[in-house]
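Student: Quick one: structure below, then a few questions.
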Amino acid sequence: MSTGAGTDGGDGRRRWRREEVALEAGVKVRNLRYYQERGLLPPPRREGRIAWYSEDHLTRLRLISDLLGRGYTVNGIGELLAAWEQGGGISQLLGLEREMTRDWVREEPVTMTRAELRELFGPGATAAHTRRAAELGYVRVDGDLVTYPSRRLLEATVALVRQGMPLAEILDAGEFVQEQAAALADRFVGLFRRHVIGPEGLGRLSATQLDHVREAVAALRPVAGEVVATEFARAMGRRVEAEVAELLRTEQ
């Protein structure tokens, strides 16, 4: 899972210190030096005593972890990367990874103090609610500061609370939505994996096939969201209509 760490390198691209890139890639810090010694990972760019790792380093680390998880040895990964580099395929593969993972989430974070949080949600909000929200990933807590990664979800939560809905039940509903969203994502990714990438995986695809995958990702990104939003709106319309009809019957 992405932590959102890193800084802007001045060219619009993210960069990370050693500990940050290891955390972001889900690997141990000591593995970075080992991968560099084995030729799997280029050395970082240095500014004084600080070693900076780029988006390409992060992508390579994720690729190495994926290949290790699929049973490749370190020597085998080195040979595979070398073959891709000689054929020019490594740049396509790394570019494809960035294309596949970027722009799915475009959110504006909001940071406030705990006092501002209490003022926003009122006396019904407790420290237990904040802890539950943090467990669900809705907030990040750092001392006296609380950050909502998504302004839209914050505004939606505040709107529901102001309509009289208990915060605990809103968080229960949020957890349910997360579970359903994860199941939907699994379904879409499974379809894409089987019918667009195929059983051989990215490493066996030609340059033309990689371009096709990139185009398919670009097409899927807006379509997936539209399908889910449309179906939810249709379901809400049917459900609200049925609820209103039931309420009218009970009033007679």
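Every read-out reported here was derived from the displayed coordinates using simple, explicitly stated rules and does not represent laboratory data. Keep in mind that what you see is a predicted model, and the values were worked out from it rather than measured. Glycine also receives a Cβ, built like all others from the backbone with ideal geometry; neighbour counts cover every protein chain displayed.
Student: Between THR208 and ALA182, what is the spin-label point distance in nm, taking each point 7 Å from the Cα along the Cα→C-beta axis?
Tutor: Roughly 4.1 nm, to one decimal.
Student: First select every other residue whose beta carbon is under 15 angstrom from the beta carbon of GLN163; then total the charges, Lys and Arg +1, Asp and Glu -1. All intermediate terms of the calculation are to be shown ahead of the outcome.
Tutor: Details: positive: ARG162; negative: GLU155, GLU169.
Charge balance in the 15 Å sphere: -1.
Student: By the scheme Lys and Arg +1, Asp and Glu -1, what is the net charge of all other residues having a beta-carbon under 12 Å from that of GLU179?
Tutor: Taking every other residue near GLU179 into account, the sum is -3.
Student: Could you calculate the contour length gain from THR73 to VAL158, that is, 0.36 nm times the residue separation minus the distance between their Cα atoms, to one decimal place in nm?
Tutor: Contour length minus the Cα-Cα distance gives 25.5 nm.
Student: Here's another thing I want to ask about it. Just round it to a whole percent: the fraction of Cα-Cα distances in region 112-252 exceeding 27 Å.
Tutor: On the way: 4650 of 9870 pairs.
Within region 112-252, distances greater than 27 Å cover 47 percent of Cα pairs.
Student: With contacts defined as alpha carbon pairs under 8 Å and 6 or more residues apart, what's the relative contact order of region 99-252 in percent? Before the final figure, lay out the partial values.
Tutor: Working: 78 pairs, mean separation 35.2, N = 154.
Rounded, it is 23 percent for region 99-252.
Student: Taking N as the number of residues in region 142-222, what value does Rg over Cα atoms divided by 2.2 N^0.38 Å take?
Tutor: Expressed relative to 2.2 N^0.38 Å, the Cα Rg reads 1.67.
Student: For region 101-198, run through the chymotrypsin sites (Phe, Trp or Tyr not before Pro) and keep only the ones in DSSP coil with at most 14 other Cβ atoms within 10 Å of their Cβ.
Tutor: Values: sites: TRP104, PHE121, TYR138, PHE176, PHE188, PHE192; in loops: TRP104, TYR138.
Loop-located and lightly packed - TRP104.
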